[in-house]
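The structure appears below as structure tokens.
The values are calculated or read from the model by the stated rules, or taken from the named source; none is laboratory data. Quantities reported herein were computed from a predicted structural model and do not represent experimental measurements. Reconstructed Cβ throughout: ideal geometry from the backbone, glycine too, with neighbour counts over all protein chains shown. The accessibility values were calculated without ligands, DNA or RNA, using every heavy atom of the protein model including side chains. Shrake-Rupley method; radii C 1.70, N 1.55, O 1.52, S 1.80 Å.
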Amino acid sequence: MSAMLQDTNSTVAAETEGELTDGFHLVIDALKLNGITNIYGVPGIPITDLGRLAQGEGMRVISFRHEQNAGNAAAIAGFLTKQPGICLTVSAPGFLNGLTALANATTNCFPMILISGSSEREIVDLQQGDYEEMDQLAIAKPLCKAAFRVLHAADIGIGVARAIRAAVSGRPGGVYLDLPAKLFSQVMDAEAGRQSLVKVIDAAPAQLPAPSAIARALDLLKNAKRPLIILGKGAAYAQADEDIRNFVEKSGIPYLPMSMAKGLLPDTHPQSAGAARSQALKDSDVVVLIGARLNWLLSHGKGKSWGEPGSKQFIQIDIEPKEMDSNVEIKAPIVGDIGSCVAALLAGMGASWPAPPADWINALETRKQANLVKMDARLKKNSSPMDFHTALGVLRTIIKERPDAILVNEGANTLDLARGVIDMYQPRKRLDVGTWGVMGIGMGFAVGAAVETGKPVLAVEGDSAFGFSGMEIETICRYNLPVCVVVFNNNGIYRGTDVNTSGGSDVATTVFVTDARYDKMMEAFGGIGANATTPDELRAAVVAAMDSGKPTLINAVIDPAAGSESGNIGSLNPQSVVKKK
Ligand code: ADP
Ligand code: MG
């Protein structure tokens, strides 16, 4: 702290001694020193100059129209790169907007750092009513993995280092970094500033599993009659693609990918049990979870969908020890990072491993083929107006032809049906609503994915879901990103046919403007808009968009009567049974 020079007198002193730096530059230098090149944010007081200077220093600074979308872009950057994605916001309301994304990132185990400017501590703490007054650190704390505030320029290096480490080590998650306005203009000697920065060494250290845990798991697995592997988005995040594929193939065990793990092995892989999901869950006896939690998305590992009580034994690989036994007993916990754990399992399996019993494999295969035939018939229906399957059948073919494109997907029916219909062929290509099943990730994820990977992005959006982040199509146009948005427009939430039972003139609560033309929004910003009413029109428009790489929005007209309430999770939506006379 001795090198810190805060007041005017010391600034003058420093000027006579030599080169100076300040809080702005130290934040930028600390991020750059740690290999961080991109910032997603919304400019404003007190961080406008931070963004401007970061851009001037060669960082890519992507400005959004709303902080939640910037935060979602940062979060998905974290998922795709294993480096914390950075979101930069103003104080109070901007911070709160970004906080939704930070909480979502933490829930999904995506590493991200929300950096927010904040108002004067002295005034905030005495609650004297500052501009955008809010005790942001206290508010952020329960909603993220770690939260820090830096008060002195000389501590910026340490603050950024702690934030990076907290975000990516162990179970990844969101970190909040509070930077009060005064910090940015604090001046200090440049050399002392350089010395204060920390390049984080081994930010996410390997966590090796205990050999006894590996032996216990392999024992259980070897004796299984109906084994099953479930790959979760932790497995996708781990970037241990080769070893995971080898483990699945060497074991010969059928596997199910959770939605964001699709493509880790191609969905067309002979061992994929995706098309026989229900049966695989119900009838399996030993289940290996790799980076997947037994939360609501897997019915908590119990209940009807898991077959007879007591019929399952679980092996679970997770970096977070507390995840074990969270919902049901885990017979063979393997705590460690997925790369190290899967490598250890492979080593422990030796040169040959017994194939799972043929009757189990054949039973799943029979069900799978029957389901695939059924699905095929639905996809080929050339209906106009299109229903969900008709439109998704088109997009399924396009992803098959362009397996390196990134698919972003949200909505209710649009999400649930696309997850089953659109096969993925490469890891980390499907980005969706994740653990909360939340809507609003669409354009943020699309921008983040395009910026981080340079790959074309196809965002398949329900009309309702799109509305949460739709203004970011201006951002997509401004940065000329290769994003093609397809809005599945059925005139409303779930569907567009509900009626107002009061007989009043307002439309029903779930109904939107009839026959809206979302494509016109894209045209307003110089992008390409298209309206598609048939599968042929949809295909032509998406292919043109993907070929050109130009920002495009296609309004896909879907039958307003298509779609069921809450998609596949209608059971979570309480419905009144009381009939008023
Ligand atoms: P899904 O929704 O696809 O089932 P979840 O988000 O529920 O996936 O589960 C991901 C799990 O992966 C989390 O419990 C997290 O702790 C774990 N995880 C994330 N990264 C790693 C890693 N590198 N090594 C081990 N476990 C990891
Ligand atoms: Mg809709």
Can you pull out every residue in segment 185-221 that is loosely packed, with under 14 Cβ neighbours inside 10 Å and more than 30 Å from I156 (Cβ to Cβ)?
A210, P211, S212, A215, D219
Restricting the search to segment 459-496, which residues are of a type in the set (S, T, N, Q), in a helix (DSSP H, G or I) and closer than 20 Å to D515 by Cα?
S464
In segment 396-431, what residues are over 22 Å from D241 (Cβ atoms) and within 16 Å of ligand 2 (Cβ to nearest atom)?
E410, G411, A412, N413, T414, L415, D416, L417, A418
Specify which of the listed residues (V328, V335) is assigned by TED's automatic domain parsing to the domain that holds N223, among the hydrophobic types (A, V, I, L, M, F, W, C) and over 18 Å from S212 (Cβ atoms).
V328
Look at N489 and say whether it is closer than 27 Å to N69 by Cβ, touching a Lys or Arg at 6+ places or on another chain (Cβ under 9 Å) and within 16 Å of ligand 2 (Cβ to nearest atom).
yes
Unique residue being more than 18 Å from S464 (Cβ to Cβ) and open to solvent by 60 Å² or more (accessible area, probe 1.4 Å) when the list is T501, T514
T501
Scanning segment 420-474 for residues that are basic (K, R) and open to solvent by 10 Å² or more (accessible area, probe 1.4 Å) gives R428, K429, K455
Regarding segment 274-289, can at least one residue be identified that is under 19 Å from G301 (Cα atoms), of a type in the set (G, A, S) and within 12 Å of ligand 1 (Cβ to nearest atom)?
no
Residue in segment 534-544 that is hydrophobic (A, V, I, L, M, F, W, C) and surrounded by fewer than 14 Cβ atoms within 10 Å (Cβ to Cβ) present
no
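Residue-wise test of (1) surrounded by fewer than 18 Cβ atoms within 10 Å (Cβ to Cβ); (2) free of Cβ contacts under 8 Å to residues at least 60 places away in the same chain; (3) under 13 Å from I113 (Cβ atoms).
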{"residue": "M134", "(1), (2), (3)": "yes, yes, no"}
{"residue": "A138", "(1), (2), (3)": "yes, yes, no"}
{"residue": "C144", "(1), (2), (3)": "no, yes, yes"}
{"residue": "V150", "(1), (2), (3)": "no, yes, yes"}
{"residue": "A153", "(1), (2), (3)": "no, no, no"}
{"residue": "V160", "(1), (2), (3)": "no, no, yes"}
{"residue": "G173", "(1), (2), (3)": "no, no, yes"}
Under 7 Å between Cβ atoms, which residue pairs at least 6 apart in sequence (or on different chains) link something in segment 343-355 that is without any contact (Cβ under 8 Å) to a residue 60 or more places away in the chain with a partner that is not hydrophobic (A, V, I, L, M, F, W, C)?
none
Enumeration of residues in segment 555-581 that are exposed (fewer than 14 other Cβ atoms within 10 Å of the Cβ), over 30 Å from A540 (Cα atoms) and among the hydrophobic types (A, V, I, L, M, F, W, C)
L572, V577, V578
Considering only segment 69-117, state which residues are out of contact with any Gly (no Cβ under 7 Å at 6 or more places or on another chain), of a type in the set (A, V, I, L, M) and farther than 20 Å from M260 by Cβ.
I86, A92, L96, L99, I113, I115
